[in-house]
Amino acid sequence: MLKRNLVLFLLTISILLSSTIVFASSSNIDKSQLENGLVNITYMPKKDVAVKVIITKGHIKYTYDLKENNSYPLQLGDGKYTVSILENVEGNRYAQLEKEEINLKLSDPNKVFLQSNQIVNWNENMEAIKKAKELTKNVKSDKEKVIEIYKFVINSIDYDNDKAVKVQSGYIPSIDGTLTDLKGICYDYSALFAAMLRSLDIPTKLIMGRKNDIDGYHAWNQVYLKDFNEWVTIDTTYDAALKKGNAVNSMIKEEKEYNIEKQY
């Protein structure tokens with residue numbers, strides 16, 4: 001009888017310990033915003049160490065640094081994504097902390113391009129967003145709103161050649177910083193333009209890749225015009241330079257002049 005009771009006691013302790021372990025190992029991948037096409041990473045390293053977030057879909061991979069804004073888009077349409085969190089061990093070596101597969105199915109595939117995320121980071125209290133509301137308060141159609149924001153950006157922001165030379169890997173634009181300085185690189189132009197339009201409920205992509213007549217990596221935007229049910233290509237950096245040179249330019253560009261490598 002004593003032996004039987006001891007076995008039952010040990011079994012009970014084992015179950016309690018197992019339950020405690022399962023409860024303690026909560027996920028650092030927050031899926032509460034999946035309906036908006038976002039995942040949030042809640043992991044906080046215990047020491048000052050680099051952490052990477054890698055999101056893959058098929059053969060396409062996006063790598064991010066874990067920073068203050070830890071909201072990341074699932075921007076490649078419906079399907080299976082793999083989200084991984086990795087922490088630096090030594091040099092360029094990283095250890096995988098967590099990995100999860102996510103099946104995404106959005107009711108509106110354009111919704112992800114309305115959200116604030118680590119790359120296009122905005123909220124209603126930012127000055128750039130207040131400026132977007134002010135500029136478009138008397139216009140109704142999406143295309144008219146796009147034109148007003150476009151004119152503001154190409155007429156107000158100067159290209160920062162010094163920054164282009166000095167910018168470091170992992171740099172992320174601040175839309176209010178660009179608005180305050182009134183200058184920036186192509187990444188700043190496109191992040192500001194995307195954030196202002198998203199705040200007006202106009203789906204906008206920040207695109208990275210190559211343009212046929214620009215040396216080096218470039219950033220621009222694609223904007224969804226719902227009245228025409230189409231995505232159009234807009235390059236505010238390019239047009240700001242043309243405007244300052246008094247060259248004639250068209251807001252909507254030819255897609256064939258651009259080669260897309262990343263979209264956010």
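In table form, for the structure just shown:
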| read-out | value |
| --- | --- |
| Residues of the range 42-59 with amide N under 12 Å of a point placed 7 Å along Cα→Cβ from Glu98 | 42-45 |
| Calculated from backbone phi, Karplus (6.51, -1.76, 1.60) coupling profile of the range 139-147 in Hz, x at Gly/Pro | 10, 10, 6, 4, 5, 5, 5, 4, 4 |
| Highest-fluctuation residue, Ile207, Ile185, Ile147 considered, GNM on the chain with Cα pairs under 10 Å | Ile147 |
| Hz values of 3J(HN,Hα) by residue in the range 249-264 - Karplus curve (6.51, -1.76, 1.60), Gly and Pro given as x | 9, 10, 4, 8, 9, 7, 4, 5, 7, 10, 10, 7, 10, 9, 9, 9 |
| Per residue Cα convex hull volume in Å³ - calculated over the range 35-139 | 135 |
| Rotationally averaged projected area of the range 105-206 (alpha carbon convex hull; nm²) | 7.1 |
| Spin-label model distance (nm) - Ser141 vs Asp108, 7 Å beyond Cα toward Cβ | 2.1 |
| Centroid-to-centroid separation of the range 214-244 and the range 61-91 [C-alpha atoms, Å] | 26 |
| Per residue convex hull volume, Cα atoms of the chain, in Å³ | 187 |
| Overall form of the range 78-140 per C-alpha gyration tensor (a/c, 1.5; a/b vs b/c) | oblate |
| Packing rank of 90-100, 234-244, where each peptide gets the mean count of other beta carbons within 10 Å, highest leading | 234-244, 90-100 |
| Ascending count of other beta-carbon atoms within 10 Å, so fewest first, for Trp122, Trp220, Trp231 | Trp231, Trp122, Trp220 |
| In sequence order, calculated HN-Hα J values of the range 207-218 (Karplus, 6.51, -1.76, 1.60; Hz; x Gly/Pro) | 10, 10, x, 10, 10, 4, 10, 10, 7, x, 5, 9 |
| For the range 31-86, convex hull volume per residue from C-alpha positions, Å³ | 79 |
| 24 Å tail of the calculated P(r), the range 138-264, as % of Cα pairs | 22 |
| Normalised contact order of the range 38-155, rounded percent, pairs of Cα under 8 Å and 6 or more residues apart | 20 |
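Taken together, the values in this text are just the output of simple stated rules run on the coordinates, not laboratory data. Everything numeric in this text was worked out from a predicted model, so none of it was measured. Counting neighbours? That spans all protein chains shown, and the Cβs are built from the backbone with ideal geometry, glycine included.
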